[in-house]
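The values are calculated or read from the model by the stated rules, or taken from the named source; none is laboratory data. Source: prediction; values computed, not measured. Note that each Cβ is placed from the backbone with ideal geometry, even for glycine, and that neighbours are counted across all protein chains shown. Calculation scope for accessible area: heavy atoms of the full protein, side chains included, ligands and nucleic acids excluded. Shrake-Rupley method; radii C 1.70, N 1.55, O 1.52, S 1.80 Å.
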Amino acid sequence: MSKQIVGEPQEENDLFFTCSLIEYIARKTKNSKKLIIEKLGEKRIEKIYKLAEVYHSEDIEQASDEFIKEAKIENGDYDNIITCKYRIPTYWEIGKVYKRLIIMVDDNPNNYIKTLMQVLSSWIIEKIDNYNSSMYYENPDYIYVCYIEGKVL
């Protein structure tokens, strides 16, 4: 179960949970974040975000099963975990990376869902997903600049 980070606005914590659940669903079904975003769609992602506080109190497995079934997400063959030679970051850790990037791209809570869909469908997610590289634990400012420039610098 995730707890709100002290001093963090509720909207940011809800975004963090939404990103983490998307990461969890992607890992569980072995699909890319882009495919998960497409399958879930904006309305379901908005539902996850708006009800994140409720879903926090549930087991993430249960919440993920609900959305996998509802969105008819089938198992794929995208497995970035199996090739990892080092410590695999948790879905919570990756959710935090995504949350920070989304807020840096657009810090207006009214735009979080559209920005989430844009960012998690972008080229940089494949780079962050390569846990044999250092991208996922790089400085958030560096990740943001790479995203804006459209390439790893």
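The GluC sites (Glu not before Pro) found in region 56-123 that occupy coil by DSSP, while having at most 13 further C-beta atoms within 10 Å, are E58, E74.
For the pair D59 and C84, label points projected 7 Å from Cα toward Cβ lie 2.2 nm apart. Checking the Cα-Cα distances for K50/K127; K28/K99; K72/K151; K28/K85; K47/K85 against a 25 Å cut-off, the pairs over it are K50/K127; K72/K151; K47/K85.
Expressed as a whole percent, the accessible surface of the chain that belongs to carbon and sulfur atoms is 50, based on a 1.4 Å probe. Within the chain, the selection of entire DSSP H helices by a Cα span of 27 Å or greater along the long axis and an average Kyte-Doolittle value of at least 0.5 returns an empty list. Length gained on full extension, W123 to V152, computed as 0.36 nm times the residue gap minus the Cα-Cα distance: 9.4 nm.
Average projection, convex hull of the Cα set of region 24-115: 6.4 square nanometres.
For region 23-118, the set of chymotrypsin sites (Phe, Trp or Tyr not before Pro) satisfying both a DSSP loop assignment and a count of at most 11 other C-beta atoms within 10 Å is given as Y86.
For the chain, the solvent-accessible area of protein heavy atoms averages 54 Å² per residue (probe radius 1.4 Å; ligands and nucleic acids excluded). With a cut-off of 19 Å on the backbone N, the residues of region 58-82 near the modelled label site 7 Å out from K30 along Cα-Cβ are 65, 68-69, 72-82.
Dipole check for region 98-153: with +1 at the C-beta of Lys and Arg, -1 at the C-beta of Asp and Glu, and the Cα centre as origin, the magnitude is about 100 Debye.
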